[in-house]
Amino acid sequence: MQIYNTLTHKIEEFVPNEPGKVSMYTCGPTVYHYAHIGNLRSYIMEDVLEKYLRYIGYDVKRVMNITDVGHLTSDGDTGDDKMLKGAKREHKTVMEIAKFYTDAFFEDCKKLNIKTPDVVEPATGCIDDFIKVISSLMEKGYAYEAGGNIYFDTSKLDEYYVFHNFNEEDLAVGVREGVEEDTNKRNKADFVLWFTKSKFDDQELKWDSPWGVGYPGWHIECSCISMKHLGERLDIHCGGIDNAFPHHTNEIAQSEAYLGHKWCNYWFHILHLNTNSGKMSKSKGEFLTVSLLEQKGYDPLVYRFFCLQSHYRKSLVFSYENLDNAKTAYDKLTARAAQLISEKKDTDSVDNEGFEKLKAAFTAALDDDLNTSNAITALYDVFKADLNAVTKLALIEDFDRVLSLGIISAAQKLAAENSGEDVPGEILALVEERKAARKAKDFAKADELRDRISELGYIVEETRQGTKIRKK
Ligand code: AMP
Ligand code: ZN
């Protein structure tokens, strides 16, 4: 498989440290609020990557942290602790907030067919691991104490800006946001490993440490949790592109300083989901969540389909119009699969040659830097292929091990819903097409489709309960 590596800025052949095995780490959510659908774009694409690696035969171990302490509103160690902000907002304790939003995150993931990683580790459960690594960094001279906090000294590294050549301006994250700069830092790029005398006197969660009572910085969490479960050499580390700097840059700095050798070989970053007005936000504009999409009548898997239609290395614009287009396409796919179910003959068997040929197109797409949009094209080609329904259904099911669009189950549901009426899949497909035409206000096409349905012996009617189909 070829994959783009942010570390080298190149598409490279993916070669894991140990043949046949992949260690994969994912930055988990900061559980102070619901995930927005932008966050979930990242988790959907990471899920596809994980499933594809399994599909092509790798034994994958995937680890994810849950950030329940230490992530400040500015990534530059300034601003409020996000968890504390969430607790204040809802008049609850930090741990109550963490539990509630961790559960909510995994509920969203379930609705989007995102597999739960093999290991999910909340940061608050690994304080001893953080202290061990920070102590070692202190001993090795990579960390220093200033104003009561422990900082990583970036000037000790030969190369700190591993992903890009950031300049001093880029680093003034806090300053740009109008938040006071931390004057304890020896170098602008230095970052906090352990907070003690922070300005957060009301910090709820604090632990004893060799440097006083305090709590860990955000970056150290991911390094330690990854090393704890995946060892000293990591194959792939994933996250949204905003995490490349400073979060992942700092993870590399401290992990490699601690280990004394290279830590992670491949960095997989997903570009952002934006709205027409710009960056997606939990506080400004409409807070786009999976539940909101459901309230508006969208199946969460339509959102997954929408994400898979684009390449993960392109930013994606969310609008309801774009989502409606994805819905129309998704409904058509399920209707066509329902048609295959109704066409299927028990006497047919899988045509192995045809199966392998179409599967090769699917793997070629995903081998090419996880090109999901071409993988979707390969899925469309299954419907068009000159193969029996059994082979086509087997291919759809096989591809869905990676895509997880639930096409077969949606198609079975659709077929069952109409089974009382015994409506053939061909009619269902035309009905779906007519629905789309009506939605697009193309009434001439809708009428034409109604006539075709009628010629085939069925009547389609719009009722208060929705579209009804019956035999003439
Ligand atoms: P957080 O909960 O803020 O720690 O973010 C969780 C994940 O979502 C991280 O991998 C972020 O990089 C990613 N992320 C944040 N905003 C977006 C966005 N608009 N589109 C895609 N991914 C995002
Ligand atoms: Zn992380």
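At-a-glance table
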quantity: Which numbered condition Met280 fails, given (1) among the aliphatic types (A, V, I, L, M); (2) at pLDDT 95 or above; (3) more than 29 Å from Val15 (Cβ to Cβ); calculated: (2)
quantity: Helices (runs of 4 or more DSSP H) wholly inside the stretch 149-230 containing at least 1 residues that are assigned by TED's automatic domain parsing to the domain that holds Asp59 and modelled with pLDDT of 85 or more; calculated: 218-230
quantity: Tally, over the stretch 271-282, of residues that are touching a residue at least 24 places away in the same chain (Cβ under 8 Å) and assigned to a loop (DSSP other than H, G, I, E, B); calculated: 6
quantity: Output for the stretch 1-40, where each listed residue is outside any loop (DSSP other than H, G, I, E, B) and within 16 Å of ligand 2 (Cβ to nearest atom); calculated: Ser23, Met24, Tyr25, Thr26, Thr30, Asn39
quantity: Failed criterion for Phe443 (all others in (1) at pLDDT below 95; (2) under 25 Å from Lys115 (Cα atoms) hold); calculated: (2)
quantity: Answer residue from the stretch 49-73, given it is of a type in the set (Lys, Arg) and under 16 Å from the mean Cα position of the chain (by Cα) and is nearest to ligand 1 (Cβ to nearest atom) among those; calculated: Arg62
quantity: When residues of the stretch 324-357 are limited to those that are under 18 Å from Ser404 (Cα atoms) and among the aliphatic types (A, V, I, L, M), the one surrounded by the fewest Cβ atoms within 10 Å (Cβ to Cβ); calculated: Ala329
quantity: Leu358 being in the same structural domain as Thr467 (by TED's automatic domain parsing) and under 23 Å from Lys110 (Cβ atoms); calculated: no
quantity: Verdict on Tyr43 being at pLDDT 95 or above, within 16 Å of ligand 2 (Cβ to nearest atom), under 29 Å from Ile127 (Cβ atoms) and outside any strand (DSSP E or B); calculated: yes
quantity: Subset of the stretch 5-29 [away from ligand 1 (no atom under 14 Å from the Cβ) and aromatic (Phe, Trp, Tyr)]; calculated: Phe14
quantity: Verdict on Thr30 being under 16 Å from Glu121 (Cα atoms) and of a type in the set (Ser, Thr, Tyr); calculated: yes
quantity: Filtered residues of the stretch 257-270 (kept if in contact with a Leu (Cβ under 7 Å, 6 or more places away or on another chain) and part of a loop (DSSP other than H, G, I, E, B)); calculated: Trp263
quantity: Unmet criterion (only one of (1) buried (at least 24 other Cβ atoms within 10 Å of the Cβ); (2) more than 16 Å from Asn265 (Cα to Cα)) for Leu49; calculated: (2)
quantity: Residue under evaluation Met64, criteria (1) within 15 Å of ligand 2 (Cβ to nearest atom); (2) closer than 17 Å to Ile241 by Cβ, criterion not met; calculated: (2)
quantity: Total residues in the stretch 299-330, condition within 20 Å of Leu379 (Cβ to Cβ) and part of a loop (DSSP other than H, G, I, E, B); calculated: 6
quantity: Residue match in the stretch 455-463 (condition: closer than 21 Å to Ala326 by Cα and surrounded by 15 or more Cβ atoms within 10 Å (Cβ to Cβ)); calculated: no
quantity: Options Gly217, Gly260: the member that is without any contact (Cβ under 8 Å) to a residue 40 or more places away in the chain and small (Gly, Ala, Ser); calculated: Gly260
quantity: Failed condition for Ala87, given (1) buried (at least 19 other Cβ atoms within 10 Å of the Cβ); (2) of a type outside the set (S, T, N, Q); (3) closer than 29 Å to Cys264 by Cα; calculated: (3)
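Conditions tested, residue by residue: (1) touching a strand residue (DSSP E or B) at 6+ places or on another chain (Cβ under 7 Å); (2) surrounded by 18 or more Cβ atoms within 10 Å (Cβ to Cβ).
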residue: Ile236; (1), (2): yes, yes
residue: Gly240; (1), (2): yes, yes
residue: Ala253; (1), (2): yes, yes
residue: Leu259; (1), (2): no, no
residue: Leu273; (1), (2): yes, yes
residue: Glu286; (1), (2): no, no
residue: Thr289; (1), (2): no, yes
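The values are calculated or read from the model by the stated rules, or taken from the named source; none is laboratory data. Treat the numbers as computed from the prediction; the structure is a model and nothing was measured. All Cβ positions, even for glycine, are placed from backbone atoms using ideal geometry, and neighbour counts span all protein chains on display.
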